[in-house]
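What follows is one structure encoded as structure tokens, with my remarks underneath.
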Amino acid sequence: MHRVFLFCIALGITTLQSVSAQDVTLSRTARQVYDKAQKAWQERNLPEATELFEKVLEIEPNSYDTHLRLAQVYELQRKSDLVRKHYYKAISLKPAAPQSAAAFQWIGRDHFNVQRYDSAQFYFEKASALFPAKSSLGRLAEKSVASSKFAQQAVKNPLPIEKRSLGDTVNFLGTQYFPVMTADEETLIFTGLTENRDENIYFTRRIKAGRVADRSPADRWDVPEEISKSINTTNNEGTCTVSADGRTLVFTACNRPDGHGSCDLYISHKVGKDWSQPANLGQEVNSREWESQPSLSADGHTLYFASDRKGGVGKRDIWVTHLDDKKQWTAPKNLGPTINTSDDENAPFIHANSRTLFYSSNGLPGMGGFDIFITQKTDTVWALPANIGYPINTVSDQVGLFIASNGENAYYTDDNTEKGGGRSLIYTFRVPESLQKIITPTRYAKGKVFDKKTGTVLASDIDLFDLKTQTKVGSFTSDSQNGSFLAVLNSGGEYAFYVSKPGYLFKSLSFSVDNDQSFVDLEIPLEAIEKDRAEVLNNIFFKTGEYILDDKSKVELDKLSEFLHKNKTIKIEISGHTDDVGSDTENMALSQRRAQSVQYYLQQSGIATDRILAKGYGETTPKAPNDSDENRQKNRRIEWRIL
């Protein structure tokens with residue numbers, strides 16, 4: 001509410017300067033005192049101005065200008081009871097005077113702050129009628145009316161949430177805020193402020209244990225630790241974000257020697273257990289202005305953040321930048337007037353599904369101050385934002401909401417609670433079903449990549465494609481120290497998953513993700529490029545009994561074509577295989593034609609004919625007994641082998 005108070009002061013000063021210099025109803029004696037009070041006010045001598053204005057009222061109790069000025073002086077002194085007294089008297093004396101607009105606006109806010117929204121609406125409407133229609137104050141009054149109407153309905157239809165503190169183990173400081181976590185919900189990262197006013201980044205891991213008394217495992221976290229000595233310094237390290245796999249961290253740091261502005265964004269990568277020395281994201285992303293409150297997409301390739309840089313829609317806006325093919329961050333783009341207003345937007349959070357964006361704004365109708373809003377992206381277009389409702393949003397400022405990748409649990413900071421005792425604590429709550437329905441949940445695939453022959457762990461590239469749209473929806477890597485990876489998959493999707501490394505055959509996998517799956521655990525062995533090494537093409541599709549390639553096969557075939565273009569001396573055999581349904585002759589012919597369909601596609605993409613041999617094996621080399629639908633599906637396949 002501090003920002004609202006400062007605005008009200010500015011509002012009062014603006015109105016004070018606009019009122020008439022003379023109150024013709026004052027007697028000569030009262031006028032002399034009034035003029036002295038005005039002089040004291042202009043010299044910002046508030047105690048003397050207060051005493052003299054009060055003397056004016058002793059002489060002329062119904063002096064409208066004096067009541068107005070006293071209210072404004074007491075507002076600067078934060079004496080709300082006296083502000084209220086004199087504003088009420090002013091509007092009773094001259095309810096239709098243009099100068100009363102500020103009084104109506106203040107009284108409306110006074111009612112709004114204690115959740116008397118119907119009364120607030122009444123006074124805001126009075127203010128709106130008196131302010132110039134197209135002025136900034138007029139727009140404020142109109143927004144206040146809309147907020148009052150919204151709040152009245154919101155409190156009548158509260159969301160069923162029950163927030164729970166993460167406990168004193170996590171909330172070990174007076175102030176901790178902006179929680180984020182990995183997609184598997186096993187690591188929580190947040191910013192904390194020490195007693196010495198040093199802002200640092202901390203992490204804690206979920207304790208994998210059964211229920212203890214009445215507490216859910218969701219409440220049990222290990223003792224927080226500083227994330228890294230290479231990240232935390234004697235300076236302040238502020239709000240941060242982490243990729244789904246927990247291996248890319250972007251955070252805010254201010255006034256560093258290598259900074260470009262007041263606050264900049266920095267990036268660090270985790271290899272094994274160690275974080276790299278943070279690097280400034282550079283002048284393409286960071287400007288001379290304020291950049292902060294970052295939010296990374298699941299794969300770490302898209303970054304949203306708040307900034308008051310030039311070229312925006314309002315004061316502080318939401319911006320976005322992408323990591324291009326050269327591993328460089330692109331020039332940030334403003335999310336535009338659908339998301340940003342003429343006021344402030346901050347604290348963006350892009351859900352792991354890469355479609356749902358949450359952010360805070362004080363420029364849209366809401367419960368007061370900063371509220372949290374939700375918007376969904378279709379292709380490249382953001383939908384109109386919606387307030388996520390009460391009591392997630394209250395009359396206090398709400399910022400820094402994080403919703404887990406499965407869309408079920410939310411984490412946020414609240415400093416407006418009796419139990420908090422004035423502290424800022426991290427809380428969690430179950431996301432209401434009404435909100436869960438509009439958030440596409442994600443699942444994740446995690447595991448390890450290694451050399452099939454030696455068992456050595458491998459750093460590899462992992463690309464995720466949506467087979468329905470044939471577009472890449474994510475890029476990940478496996479850790480060079482332990483081969484581990486985590487890749488996010490949107491629920492309800494049909495995906496192709498490619499693991500590749502120079503010197504190795506790429507491996508393809510196929511997933512159809514449903515709501516019953518939480519994650520897929522994978523051990524992925526890669527075959528070195530050697531004679532007779534082979535892999536199955538898991539994302540080649542034909543209709544039953546046919547050899548015409550389905551459009552969904554294009555992604556896989558393009559991957560194979562790319563591999564052959566990069567390894568120009570390699571020759572391969574494309575082999576077709578069937579199950580035992582049908583005659584041997586029919587199956588042999590079908591497998592040959594399917595292999596030739598793949599061969600023809602590769603030739604059309606520029607691969608020389610003499611580098612590709614197509615051969616059908618029918619049902620002669622099954623991978624599994626043909627005794628179930630699942631095994632028969634394994635046997636219907638296209639393989640490629642190094643010649």
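Every read-out reported here was derived from the displayed coordinates using simple, explicitly stated rules and does not represent laboratory data. All figures in this text were calculated on a predicted structure; none of them were measured in a lab. All Cβ positions, even for glycine, are placed from backbone atoms using ideal geometry, and neighbour counts span all protein chains on display.
At a threshold of 8 angstrom on Cα-Cα distance, excluding pairs fewer than six apart, so keeping six or more, what relative contact order does region 409-539 reach in percent?
Numbers: 265 pairs, mean separation 30.5, N = 131.
It rounds to 23 percent for region 409-539.
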Which of the helices in the chain, when you take each full DSSP H run, stretch at least 24 Å along the axis at their Cα atoms and have an average Kyte-Doolittle score of 0.5 or higher? 2-18
Over the chain, what is the mean sequence separation of C-alpha contacts under 8 Å (at least six apart), divided by residue count, expressed as relative contact order in percent? 8 percent
When we measure straight from the Cα of Lys126, which lysines land under 21 angstrom away, once same-chain ones fewer than 8 places off are left out? Lys85, Lys89, Lys94, Lys134, Lys143, Lys149
Dipole magnitude of region 216-375, debye to nearest 20 (Cβ charges: Lys/Arg +1, Asp/Glu -1, about Cα centre): 260 debye
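Quick check: from the Cα gyration tensor, does region 440-479 come out rounded (a/c under 1.5), prolate or oblate?
Details: a/c = 2.95, a/b = 2.11, b/c = 1.40.
Cα axes put region 440-479 in the prolate bin.
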Considering the dipole of region 2-156 built from charges on the beta carbon (Lys and Arg +1, Asp and Glu -1) around the Cα centre, which of Ala40, Val56, Val73 is farthest to its positive end? Val73
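Net charge within 9 Å of Lys315 by Cβ-Cβ distance, Lys/Arg positive one each and Asp/Glu negative one each, not counting Lys315 itself?
Numbers: positive: Arg316; negative: Asp308, Asp317, Asp343, Asp344, Glu345.
Summing Lys/Arg as +1 and Asp/Glu as -1 gives -4.
Using the crude model of +1 on Lys and Arg Cβ and -1 on Asp and Glu Cβ, and no other charge, please compute the dipole size for region 557-616 relative to its Cα centre, in debye to 20.
The calculation lands at about 420 debye.
Name the shape class, rounded, prolate or oblate, that the alpha-carbon gyration tensor gives for region 534-643, where a ≥ b ≥ c are the square roots of its eigenvalues, rounded holds for a/c under 1.5, and otherwise prolate holds if a/b is larger than b/c and oblate otherwise.
Values: a/c = 1.89, a/b = 1.82, b/c = 1.04.
Note, shape of region 534-643 comes out prolate.
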The exposure ranking of Glu494, Glu523, fewest beta-carbon neighbours within 10 Å first, is Glu523, Glu494
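In region 442-528, what percentage of the DSSP-assigned beta bridges are antiparallel, given to the nearest 5? It would help to have the intermediate numbers written out before the result.
Numbers: 27 of 35 bridges.
Of those bridges, close to 75 percent are antiparallel.
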How do Lys468, Lys634 line up, fewest other C-beta atoms within 10 Å first? Lys468, Lys634
Under 11 Å from the Cβ of Thr50, count the other residues' Cβ atoms, weight Lys and Arg +1, Asp and Glu -1, and hand me the total. 0
I need the GluC sites (Glu not before Pro) found in region 90-174, filtered to DSSP loop residues with at most 15 other beta carbons within 10 Å of theirs. Glu162
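Can you tell me how region 164-436 classifies by the Cα gyration tensor, rounded, prolate or oblate, using a/c under 1.5 as the rounded cut?
It is rounded, given that a/c, with a ≥ b ≥ c, falls under 1.5.
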Debye, to nearest 20: dipole size of region 2-156, +1 on Lys, Arg Cβ, -1 on Asp, Glu Cβ: 440 debye
Relative contact order [Cα under 8 Å, 6+ residues apart], region 2-156, whole percent: 16 percent
Among Asn626, Ala96, Ser361, pick out the residue whose Cα is farthest towards the positive end of the charge dipole of the chain, where Lys and Arg carry +1 and Asp and Glu carry -1 on C-beta, about the Cα centre. Ala96
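Report the net charge of residues surrounding Thr169, where surrounding means a beta-carbon distance below 9 angstrom and charges are Lys +1, Arg +1, Asp -1, Glu -1. Write down the numbers at each step before the final one.
Values: positive: Arg220; negative: Asp168, Asp222.
Once all neighbours under 9 Å are counted, the net charge is -1.
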Options His301, Trp329, Trp319, ranked by Cα towards positive dipole end of region 273-331, top entry (Cβ charges): Trp319
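How much of the DSSP beta bridge set in the chain is antiparallel, as a percent to the nearest 5?
Numbers: 106 of 122 bridges.
Of the beta bridges lying entirely in the chain, close to 85 percent run antiparallel.
Cut-off is 10 Å between beta-carbons; in what order do Met588, Met181, Met367 appear when sorted fewest neighbours first? Don't jump to the answer; show the numbers that get you there.
Values: Met588 18, Met181 23, Met367 26.
Lowest count first: Met588, Met181, Met367.
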